[in-house]
């Protein structure tokens, strides 16, 4: 949730649109990275709801998380490198919910070997570190 012109806005798509309109550089929505992490939420939900422990949903989730870890290893701190983008802002809360829900309901944790993913998730822990990592965040903060 963010406040723009004395109005609170909760919809992340609307927020991204407003930010991109007011501060187009660096862009939040580079088209070449939109599929990164897009299968994590469906894999997480399937694993969370599974009734059959041999249905492959845990492996599917692990494979999606591993793919994200490898992507981060190749790209850098964020999905597109050193600048945060809309995918990061969408993916980070999903990873947080994944971690909390699966930890609580299944006693499950993300493998420690996925170190780039763990580092990525830490960036988005409160207090949010965006204020020192993104050009547009400085503009919004002032």
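Laboratory data are not the source of any read-out in this text; all were calculated from the coordinates shown. Please read all numbers here as calculations on a predicted model, not as lab measurements. Heads up, the Cβs are rebuilt from the backbone with ideal geometry, glycines too, and the neighbour counts pull from every protein chain shown.
Numbers at a glance
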quantity	calculated
Using a Förster distance of 30 Å, the FRET efficiency for residue 101-residue 29 (Cβ separation, nearest 0.05)	0.65
C-alpha long axis of helix 86-106 to longest principal axis of the chain, angle in °	30
Principal axis dimensions, region 33-134 - Cα atoms, whole angstrom, descending	44, 25, 23
Packing rank of 4-14, 92-102, where each peptide gets the mean count of other beta carbons within 10 Å, highest leading	92-102, 4-14
